[in-house]
Amino acid sequence: MNDFIYFAHRGASGYEPENTLIAIRKALEMGAKWIEIDVYAVENELVVIHDERLERTTNGKGLITNSSLDYLRSLDAGKGEKIPLLREVFETIGHDAGLNIELKGRETAELIVSYINEFVGEYGWEYSRILVSSFEHHELQRVKKLQPEILLAPIFSRIPEDYITIAKEIDAFSVNLDAGFINKKYVEEIHNQMMKVFAYTLNDKKDIQFMKEIGVDGVFTNYPELIELTE
Ligand code: G3P
Ligand code: MG
């Protein structure tokens with residue numbers, strides 16, 4: 001992970017319904033080397049969807065965590081696609097890219113560790129190709145305890161004073177920041193701790209160029225074709 005990284009945010013979500021398998025396939029076709037998705041825990045499974053509620057991205061209604069897995073899997077997440085299971089995302093990516101799994105909601109730590117152990121142990125994935133991130137820093141602490149080899153990234157939308165302490169507690173690989181709050185001082189502070197800085201979410205090549213100039217190590221984008229335009 002030494003080059004500037006482009007994470008296809010929720011897959012190639014500028015082109016296909018976000019967090020679906022077709023958005024992931026599209027990102028791979030466009031050459032994305034990393035893909036970001038969001039997951040919630042439901043009935044001992046991790047389901048791939050961004051919002052807490054179903055209305056914006058599916059034809060369903062209600063809270064994800066208050067829905068049965070059967071109901072979630074019966075819905076249309078866009079273009080006839082189902083809400084994917086994390087397992088299907090691992091299988092779709094295969095050996096073609098890295099995967100950033102963003103933990104949403106609660107009770108995700110044990111499940112993500114068991115999936116990663118399975119896919120690293122049995123299907124040829126490497127820890128270096130998986131990054132687990134979250135605004136729920138407590139979940140990341142539990143992941144760290146269960147499997148210290150997993151690369152972790154706390155996400156911050158506002159940057160609290162103790163953000164470095166939070167990142168160091170889990171020996172973070174990177175700190176993932178809202179692009180609107182990044183400046184050179186933060187980048188340097190984070191680099192001084194030997195951690196990377198990834199910025200979300202940038203869909204304009206000038207903004208991406210600026211991030212590169214101040215030393216950011218990678219960005220999340222809905223338009224993976226920007227990779228070529230800014231290189
Ligand atoms: O992980 C980067 C970014 O995805 C965090 O925000 O709301 O798009 O999941 P959100
Ligand atoms: Mg996300």
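The values are calculated or read from the model by the stated rules, or taken from the named source; none is laboratory data. This structure is a prediction, so every number in the text was calculated from the model and none was measured. Reconstructed Cβ throughout: ideal geometry from the backbone, glycine too, with neighbour counts over all protein chains shown. SASA here: full protein model, heavy atoms, side chains in, ligands and nucleic acids out. Shrake-Rupley method; radii C 1.70, N 1.55, O 1.52, S 1.80 Å.
Things to note:
- At full extension, Arg87 and Arg158 could sit 22.4 nm farther apart than now, given 0.36 nm per residue minus the alpha carbon distance.
- Sites listed here are trypsin sites (Lys or Arg not before Pro) in the range 19-69 whose DSSP assignment is loop and whose Cβ has at most 15 other Cβ atoms within 10 Å: Arg56, Lys61.
- Residue-by-residue Karplus 3J(HN,Hα) for the range 111-127, coefficients 6.51, -1.76, 1.60, Hz, glycine and proline x: 5, 5, 5, 5, 5, 5, 4, 5, 6, 6, x, 10, 10, x, 7, 10, 4
- Proximity of backbone amide H atoms, modeled 1.01 Å from N, is registered between Asp76 and Asn59, Gly60 at under 5 Å, excluding neighbours fewer than 5 places apart on the same chain.
- For the range 34-116, applying the loop criterion from DSSP together with a ceiling of 14 other beta carbons within 10 Å to the chymotrypsin sites (Phe, Trp or Tyr not before Pro) yields no site.
- Summing Lys and Arg as +1 and Asp and Glu as -1 over all other residues whose Cβ lies under 15 Å from the Cβ of Ser74 gives a net charge of -2.
- Spatially proximal aspartates and glutamates relative to Lys61 (Cα-Cα < 20 Å; intrachain offsets below 8 disregarded): Glu18, Asp38, Glu43, Glu45, Asp51, Glu52, Asp70, Asp76, Glu81
- Karplus-derived 3J(HN,Hα) values for the range 202-209, using 6.51 cos²θ - 1.76 cosθ + 1.60 with θ = phi - 60°, are 10, 10, 10, 5, 5, 5, 5, 4 Hz; glycine and proline are entered as x.
- Each Lys or Arg adds one and each Asp or Glu takes one away; over the other residues whose Cβ falls under 15 Å from the Cβ of Glu169, this sums to -1.
- Given charges at beta-carbon only (K, R positive; D, E negative), |dipole| of the range 15-145 in Debye: 160
- 5 angstrom amide H check on Arg53, placed H, neighbours 5+ away: Ile64
- Point-to-point label distance, Arg106-His138, nm (Cα→Cβ direction, 7 Å offset): 0.7
- Largest to smallest in accessible area, the residues Glu225, Glu16 fall in the order Glu225, Glu16 (1.4 Å probe, all protein chains included).
- Percent RCO, i.e. relative contact order, over the chain, from Cα pairs under 8 Å lying at least 6 residues apart: 20
- Over 24 Å apart at the Cα level, from the set Lys26/Lys205; Lys145/Lys196; Lys145/Lys185, are Lys145/Lys185.
- Residue-level accessible surface for Glu102, protein heavy atoms, 1.4 Å, Å²: 10
- Projecting the Cα atoms of Phe135, Tyr200, Val187 onto the dipole axis of the range 87-231, where Lys and Arg carry +1 and Asp and Glu carry -1 at the beta carbon, places Val187 farthest toward the positive end.
- Each other residue within a Cβ distance under 14 Å of Trp125 adds +1 if Lys or Arg and -1 if Asp or Glu, for a net charge of -4.
- Computed about its Cα centre, the charge dipole of the chain is approximately 260 debye, with only Lys, Arg, Asp and Glu carrying charge at their Cβ.
- Cα gyration tensor category, rounded, prolate or oblate, for the range 26-113 with a/c compared to 1.5: oblate
- Computed with every protein chain present, the accessible area of Ser68 is close to 50 Å² [probe 1.4 Å].
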